[in-house]
1. Given 0.36 nm per residue, what is the gain on full extension from Val227 to Ala133 after removing their alpha carbon distance, in nm?
2. Run the quick spin-label model on Leu98 and Ser162: label points 7 Å from Cα toward the beta carbon, then report their separation in nm to one decimal.
3. Compute, for the chain, the length of the dipole vector about the Cα centre, with Cβ point charges of +1 (Lys, Arg) and -1 (Asp, Glu) only. Units Debye, rounded to 20.
4. Starting from the Cα of Lys88, draw a straight line to each of the lysines and keep only those under 20 Å, dropping any in the same chain fewer than 8 residues away.
5. Using a Gaussian network model on the chain with a 10 Å cutoff between Cα atoms, which of Leu203, Leu146, Leu86 fluctuates the most?
6. Sorting Arg245, Arg43 by accessible area (1.4 Å probe), largest first, what list results?
7. Give the angle, between 0 and 90 degrees and rounded to the nearest 10, that separates the Cα long axis of helix 4-21 from the longest principal axis of the Cα atoms of the chain.
8. Within the chain, what whole-number % of the accessible surface is contributed by carbon and sulfur, with the 1.4 Å probe and all protein chains included in the calculation?
Amino acid sequence: MKTVAPALALALSVVLAGSLTAALPARSADLGTLSRLSQSEFRLLSEDLGAALSFKPLIPAEALGITGFDVGVAVTATDLKHAQLLSKASGNQSVPSLLPAPSLRLHKGLPLNIDVGLSYTAAPDTDFSLWGAEARWAFVPGSTLLPAVALRGAFTSSSGVSQLKVQTTSADVSLSKGFAMLTPYAGAGVVWVKSSPAAGPLLREEKFSVTKVYAGLNVNLGINFAVEADSTGGVISYGVKAGLRF
């Protein structure tokens, strides 16, 4: 069973990512007509994209330990408030209001209850990509009675779209408490968004901050699963992850 679990986890992850990204339009990330937006419309689109592209934890607060790893494939789907603006900026192409983004994710435990993590997102059939990184310190490691409490700093940066670059920086505090194979977790913090257009002098860069709250559940049955709901600036995202945690 132990030899089958890694292959089964990978297969489930690939199926999960493929099924949820099938609805992503082939050129939704091109943004070739971004200059059609007014400054106020660009701000609204930036709020949606900042929420969609900011770092999603998809992991409990408790530290992995110095030998620990958490690796998996994830998909987040963000319920865009202004999908019509993304369509307008993309040559009036059809854009789903629930915008999915698949990612590969790796977390590694370090000494002193510190974990670090990386994520990589690539939209199908486009040049769009997104790198993310986090560092998390479980300053309360947790016990049979107490939950783990952690501080996180995270960063994401997009590339591959000549008309727009979105960068986010975030900080949050989270807690989690394990019950056998189940570990619920929740957190809150702030996301700083920098949205930089390259659509000529008509659009200016937008910088702003929004609050973030999220909650999730990690289930480890040999194959590790996580589900999460996130609200960043009132824009809702849902995430699922499958992989291995050891």
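The values are calculated or read from the model by the stated rules, or taken from the named source; none is laboratory data. Not measured: the values here are computed from a predicted model. Neighbour counts are summed over all protein chains in view; Cβ atoms, including those assigned to glycine, are modelled from backbone coordinates with ideal geometry. Note: accessible area is taken over every heavy atom of the protein model, side chains too, but ligands, DNA and RNA are not part of it. Shrake-Rupley method; radii C 1.70, N 1.55, O 1.52, S 1.80 Å.
1. 31.9 nm
2. Between Leu98 and Ser162, the label points sit 3.5 nm apart.
3. 140
4. Lys165
5. Ranking Leu203, Leu146, Leu86 by mean-square fluctuation puts Leu146 first.
6. The residues order as Arg43, Arg245, largest area first.
7. Between helix and principal axis, roughly 20 degrees.
8. It is 68 percent, rounded to a whole number.
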